[in-house]
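J.: Below is the structure I would like to discuss, written out as structure tokens.
What follows draws every value from the coordinates through simple rules; no lab data is involved. Bear in mind the structure is a predicted one, so any value in this text is a computation, not a measurement. Note that we place each Cβ from the backbone using ideal geometry, even for glycine, and neighbour counts take in every protein chain shown.
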Amino acid sequence: MAKFLERPLMFVYQIEKGQIVAFLTGYELAAGDDFDLTDQLSAQLRITHKIPKSNPGWPGQVQEYADKKGIDFFNAFKEIALPLLL
């Protein structure tokens with residue numbers, strides 16, 4: 001997953017929200033119970049940043065975080081995910 005954060009275009013066609021969500025969904029399905037990054041992201045955003053999970057799920061939380069910080073979806077995702085992966 002760290003490689004995805006470093007060089008996302010090796011894994012997705014475009015660095016856009018839909019591509020990132022699709023990649024992570026597939027990655028988590030393939031990994032099974034061994035990988036739950038999106039659950040960790042959601043909890044981190046809910047607890048630390050007070051961004052509740054709503055109908056759009058974790059992508060909506062990341063988008064709200066991105067909007068608040070004035071950054072794009074991928075950079076917001078990377079900012080939140082990187083500490084969780086270390």
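J.: What Kirkwood Rh does the chain have if only Cα atoms enter the pairwise 1/r average? Answer in Å.
T.: That comes to 13.0 Å for the chain.
J.: Nearest 20 debye, what's the magnitude of the dipole of the chain about its Cα centre given +1 on Lys and Arg Cβ and -1 on Asp and Glu Cβ?
T.: Details: 9 positive and 11 negative charges, 59 e Å.
That gives a dipole near 280 debye.
J.: Could you work out the relative contact order of the chain? I mean the mean sequence separation of Cα pairs under 8 Å and 6+ apart, divided by the number of residues, in percent.
T.: Relative contact order of the chain: 28 percent.
J.: As a test of the formula, what do you get for the chain when each DSSP H run with n ≥ 4 contributes -39,500 (n - 2.57) and the sum is divided by the residue count, at 222 nm and rounded to the nearest 500 deg cm²/dmol?
T.: Only helices count here, giving -20500 deg cm²/dmol.
J.: Fully extended, how many nm does the chain gain between His49 and Glu6 (0.36 nm per residue separation, minus their Cα-Cα distance)?
T.: 13.1 nm is the gain from fully extending His49 to Glu6.
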